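J.: Here it is, the structure in full.
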Amino acid sequence: MKKMFASLLALSLMLVGCGGGDKKTDDTTKKDGNAEIIMITDKGTIDDKSFNQGTYEGVEAYAKKNNKTFNYIKPVAATDDEYKNSIDQAVKQGAKVIVTPGYLFEPAIYAKQTEYSDVKFILIDGYPNDGNQENPKSNTENNAIGIKFQEEQSGYLAGYAAVKEGHTKLGFMGGMAVPAVMSFGYGYIQGADAAAKELGIDVSMNYHYTGDFKATPEVQNTAASWYKSGITAIFGCGGAVGNSVMAAAEKADPVGAVIGVDVDQATESKTVMTSAYKQLANAVNDALASIYSGDFDKVDDDKILFRGGQNIVLGAANNAIGLPMDTSTFKKFTKADYDKVYKTIQDGKVTIKNSTAGEDVSVIKTEKVKVNFIK
Amino acid sequence: MDDILFLLSQTMIFAIPLLIVALGGLFSERSGVINIALEGIMVIGAFCGIFFIHFMQDSMNPQLCLIIAILIAGVAGMIFTLFHAIASIHLKADQTISGTALNIFAPAFCIFVARLIQQTQQVEFTDVFRIKEIPILSSIPIIGDILFKNTYITTFLGILILIISWFILYKTKFGLRLRSCGELPQAADSAGINVYKMRYAGTLISGFLAGIGGLVFVLPTSTNFNADVAGYGFLALAVLIFGQWKPWRIAGAAFFFGFMKTIASAYSGIDFFLSLGIPNYFYKITPYIATLLVLAFVSKNSAAPKAEGEPYDKGKR
C-alpha cells in the first residue's frame, strides 16, 4: 500500500511538473498571450471549417498584413459567465480589439462594452443585447459593432441553383434550429420556389433538423434513405452534419449531390455541388481596417458602413454572401444565370424571409415547392 | 421488398460496430473487470486507424490499407486499455473511475495530437473501402443484397469476431478460466489459475476489439474523424447488458438496436413507414425501453458475472 502511494505521489508530481513546464514554454513563445487583436471562439474551434475559422482567418489576414499582434482564447465553457471571463482575460492580455463570432456572445458583449469603453468589440452573427428571452434590451455602444449576414440570401441562391440545375427532389438537413441555420433553410425553400415558378415545374423538399452539429450514423442513414427515395440534392447545413451527408452521397446510387455551408466546402468531398457561403473573413478584415483607420470612431458618418454603435447586416449588396461559382460543379446553371439572380437580390427585387418570420417552417409560403417537414 | 433490403443493409452500419465493441466489453466483464472506457477506446482506435488511412490510402491497395488500419486501431486500443488494466487489476483502483478517466482523456488526446501534427483537429479520409459487389455471392437472393452488395470487409470481420468469441469463451480452456475469474476468482486461484493474468488478458482483448469497433464505426459515417464516436461506446454497454453477457444474445441485441435505429433515422425516406403514421419517437425509444424491461425482469437472477467490478485480493476470504 505504501509503495503504491509513493508511486502515485511521484506520478502526480511528475504530471504537475509537466503541466507547469508546458505553460512556461507556451507563455514565452506567445509573450504571455499578449496581443492587440484577440478573438474569442464560441462552441467551435479556429479550425472548424465554419464560422470560427472564417472569423479567425479574417483576423489573421489583417493582422499579418498590418503587423499587429493577434491571438485567440477558447473559453472553458459556452456560458455567458465564461464568455465574460474570457473578455476580462483578453483585456488583461492587452487587447485593444476583441472579435467574437456567434450570437451566443450577445449578452457578454452587452455587459462588457460599457465596462471596457476603450476597447473595441466586433460581434459577428449577432447584436449586443441582455439575452432576456421575452423583452430583450439591446444596446450597441460606440465602441462596438454587431455584424449579421443575410444567410437567407445565400440559401436562396443555393435553392435556386439546385432547381435550375435540374434537381426536383431536394433535401435540407440543418443542425439545430438556431437563427442562422433557419435563415439558410428558409432562403433555400424560397430560392427553390422561385426557380420552380420560372421553369413551371413542381418540386418537393424534405426539411429536417438533426438536433446536433455532429457526424453520426443516424445523419448518414437519414441522408442515405433520402437519396434512395429519389432525392438528388441535400443541403447539409450545420458543421459536421454535412460530412455525414457527404458520406451518404458518395455511397448513393447514382451518386448524390451535396450543398455545403458557411465556407467553400468543395475540397471535403467531390459530391459537393456548391456551397452557400458568407464572407466572414472579409467582414472581419473590413471592420478591423475601419478601426485602425479611425473611421470606426466617426459614429455619425452615414457613409461609413463599419462604424461604432451600429448593428449592420451584410448581404448581396455588399457581395458578402454567395456561391463559389469557380469550384461549383454545375452543368446547366451557368455563371450568367448566377449573375442574373444575384443582381435581382442586390437590387432588392425579391424579398426573402429569414428566421424572424417564425420558428415553424410552415410560415414560408410556397407555390411550387411542397415542403415536407420531418421531425 | 426493396425498402426492406435497404433497411437491412443499412442496419449493418449501426449493428457491426456495436457488436464488435459489445463483444469487447464481454471479454473484459467476463474476466471480472468492468470496462466503461469503451467509448474512449473507440475514439483512440478510430483516431490511430484513420490517421494511418489519411497518410497511406493513396499509395496502397484500399483493402490492404483497411486491414492494416484495423490492426493498428486494435493495437492502439489495446495499449490504451493497458492503463485501465494496470489501474484496476494491479493497483486495485475503482474500475468505474479509471474507465471514466480514459473516456475524458481520449478525445482531448486526439485533438491535441492531430493539431500537433497537421494543425487541424479533423483527420480527413476518403472512403475507398466500400465493395460495390462481390461476384457470385451477390446474386444469392436476399442475403446477397444485404451482405454482399455495397458492403465493407468489416461486416464479415464482425461476424467472424462473433464466432471466434463464442468459440474462445465456451470451447477452450482459456475461455473457461477467463469466465471463472469473473465468477469466483478465489476458487479459480485455488485451482491454480493466475487471476491477474486472466484479467489482463480479458481487458486487453476488450481494448483490441473496442479499438477496431471505433474505426469500423467512423468509416461509413463521415468524411473526416473529429475525435468523437457519438456515444456508441456507451450504447455498446447497453447492448452487452441487453444481451445478458452471452455472445449470441449480444449479436441479437446489436442487430435489434441497429435495426431500430435504422428505422428511426430512415423512416422519412421510406413510404411504408410514413404511411403507418407512427411517430418517430416510438422507434427511437424502443431499444431503450426494451433494455429497461429486460433489466427489470431478469434483475433477480441477473446473468452478470458475479465478481465483476471487484478488484481481486488474494488475502480476502
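The values are calculated or read from the model by the stated rules, or taken from the named source; none is laboratory data. Treat the numbers as computed from the prediction; the structure is a model and nothing was measured. Because the Cβ atoms are built from the backbone with ideal geometry, glycine has one as well, and the counts that use them run over all protein chains shown.
J.: Which count do you get for residues in region B:185-203 that are surrounded by 16 or more Cβ atoms within 10 Å (Cβ to Cβ) and outside any helix (DSSP H, G or I)?
T.: 1
J.: If you don't mind, another one. What number of residues within region B:204-247 satisfy the criterion of being assigned to a loop (DSSP other than H, G, I, E, B), surrounded by fewer than 23 Cβ atoms within 10 Å (Cβ to Cβ) and away from chain A (no Cβ under 14 Å)?
T.: 3
J.: I need a count of the residues in region A:303-315 that are under 14 Å from A:LYS278 (Cα atoms) and either surrounded by fewer than 16 Cβ atoms within 10 Å (Cβ to Cβ) or in the same structural domain as A:TYR156 (by TED's automatic domain parsing) (or both).
T.: Residues flagged as under 14 Å from A:LYS278 (Cα atoms) and either surrounded by fewer than 16 Cβ atoms within 10 Å (Cβ to Cβ) or in the same structural domain as A:TYR156 (by TED's automatic domain parsing) (or both) within region A:303-315 amount to 1.
J.: Continuing with this model, one more query. Which number in (1) crowded, with 16+ Cβ neighbours inside 10 Å; (2) closer than 18 Å to A:ILE312 by Cβ marks the one condition that A:ALA108 misses?
T.: Result: A:ALA108 fails condition (2) only.
J.: A follow-up question, please. Just to be sure I understand, how many residues within region A:296-325 are over 30 Å from A:ASP118 (Cα atoms) and either touching a Lys or Arg at 6+ places or on another chain (Cβ under 9 Å) or assigned to a helix (DSSP H, G or I) (or both)?
T.: 5
J.: Does region B:137-187 hold any residues that are free of Cβ contacts under 8 Å to residues at least 12 places away in the same chain, closer than 30 Å to B:THR126 by Cβ and small (Gly, Ala, Ser), and which are they?
T.: B:SER138, B:SER139, B:GLY144
J.: While we're looking at this one, here's another question. Sort out which residues of region A:30-46 are at pLDDT 80 or above and not in a loop (DSSP other than H, G, I, E, B), and write them in order of number.
T.: Passing the criteria: A:ILE37, A:ILE38, A:MET39, A:ILE40.
J.: Please give the number of the condition A:LYS64 fails out of (1) free of Cβ contacts under 8 Å to residues at least 12 places away in the same chain; (2) over 26 Å from A:PRO136 (Cβ atoms); (3) within 14 Å of another protein chain (Cβ to nearest Cβ).
T.: Status for A:LYS64: all satisfied but (3).
J.: Counting only residues that are farther than 26 Å from A:LEU305 by Cβ, give me the helices (runs of 4 or more DSSP H) lying completely in region A:177-294 with at least 2 of them.
T.: Passing ranges, in order: A:179-199, A:217-228, A:241-251.
J.: Also, I was wondering about something else. Somewhere in region B:261-282, is a residue buried (at least 24 other Cβ atoms within 10 Å of the Cβ), in a helix (DSSP H, G or I), within 14 Å of another protein chain (Cβ to nearest Cβ) and among the polar types (S, T, N, Q)?
T.: Within region B:261-282, one or more residues are buried (at least 24 other Cβ atoms within 10 Å of the Cβ), in a helix (DSSP H, G or I), within 14 Å of another protein chain (Cβ to nearest Cβ) and among the polar types (S, T, N, Q).
J.: Now a separate question. Considering only region B:283-300, how many residues are among the aromatic types (Phe, Trp, Tyr) and more than 14 Å from every other protein chain (Cβ to nearest Cβ)?
T.: Number of matching residues: 2.
J.: In addition: Could you please tell me which pairs satisfy a Cβ distance under 8 Å, a separation of 6+ or placement on different chains, a first residue in region A:210-228 that is within 12 Å of A:GLY175 (Cβ to Cβ) and at the interface with chain B (Cβ under 7 Å from one of its Cβ atoms), and a second residue that is in a helix (DSSP H, G or I) and among the β-branched types (Val, Ile, Thr)?
T.: If the second residue must be in a helix (DSSP H, G or I) and among the β-branched types (Val, Ile, Thr), the pairs left are A:LYS214/A:VAL241; A:ALA215/A:VAL241.
J.: Inside region B:143-184, can you point out the residues that are within 20 Å of B:SER31 (Cβ to Cβ) and buried (at least 19 other Cβ atoms within 10 Å of the Cβ)?
T.: B:ILE161, B:LEU162, B:SER165, B:LEU169, B:ARG177, B:LEU178, B:ARG179, B:SER180, B:CYS181, B:GLY182
J.: From the list A:GLY236, A:GLY260, which residue is free of Cβ contacts under 8 Å to residues at least 40 places away in the same chain, closer than 26 Å to A:TYR342 by Cβ and surrounded by 24 or more Cβ atoms within 10 Å (Cβ to Cβ)?
T.: Going through A:GLY236, A:GLY260 in turn, the sole match is A:GLY260.
J.: Could you tell me how many of the residues in region A:326-362 are among the acidic types (Asp, Glu) and assigned to a loop (DSSP other than H, G, I, E, B)?
T.: So the count comes out to 4.
J.: Can we say B:SER165 is more than 13 Å from chain A (Cβ to nearest Cβ), in a helix (DSSP H, G or I), touching a strand residue (DSSP E or B) at 6+ places or on another chain (Cβ under 8 Å) and among the polar types (S, T, N, Q)?
T.: Spelling it out, it is not the case that B:SER165 is more than 13 Å from chain A (Cβ to nearest Cβ), in a helix (DSSP H, G or I), touching a strand residue (DSSP E or B) at 6+ places or on another chain (Cβ under 8 Å) and among the polar types (S, T, N, Q).
Here's the yes/no breakdown for (1) more than 27 Å from A:PRO136 (Cβ to Cβ); (2) without any contact (Cβ under 8 Å) to a residue 60 or more places away in the chain:
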site: A:ILE46; (1), (2): yes, yes
site: A:GLY54; (1), (2): no, no
site: A:THR79; (1), (2): no, yes
site: A:ASN85; (1), (2): no, yes
site: A:GLN93; (1), (2): yes, no
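J.: Can you say whether A:THR334 is out of contact with any Lys or Arg (no Cβ under 6 Å at 6 or more places or on another chain), among the polar types (S, T, N, Q) and more than 25 Å from A:GLY200 (Cα to Cα), as far as the supplied structure shows?
T.: It is false that A:THR334 is out of contact with any Lys or Arg (no Cβ under 6 Å at 6 or more places or on another chain), among the polar types (S, T, N, Q) and more than 25 Å from A:GLY200 (Cα to Cα).
J.: Right, next: Of the residues A:ASP81, A:ASP48, A:ASP88, which is more than 28 Å from A:ALA240 (Cβ to Cβ) and of a type in the set (Asp, Glu)?
T.: A:ASP88
This table checks each residue for (1) out of contact with any Leu (no Cβ under 8 Å at 6 or more places or on another chain); (2) more than 18 Å from A:LYS49 (Cβ to Cβ).
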position: A:VAL219; (1), (2): yes, no
position: A:SER225; (1), (2): yes, yes
position: A:ALA248; (1), (2): yes, yes
position: A:LYS251; (1), (2): yes, yes
position: A:ASP262; (1), (2): no, no
position: A:LYS270; (1), (2): yes, no
position: A:ASN282; (1), (2): yes, no
position: A:LEU288; (1), (2): yes, yes
position: A:ASP301; (1), (2): yes, yes
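J.: Let me ask something else about it. Got a sec? Which helices (runs of 4 or more DSSP H) wholly within region B:34-133 have at least 1 residues that are surrounded by fewer than 24 Cβ atoms within 10 Å (Cβ to Cβ) and basic (Lys, Arg)?
T.: Once the helices (runs of 4 or more DSSP H) in region B:34-133 are filtered for at least 1 residues that are surrounded by fewer than 24 Cβ atoms within 10 Å (Cβ to Cβ) and basic (Lys, Arg), what remains is B:95-118.
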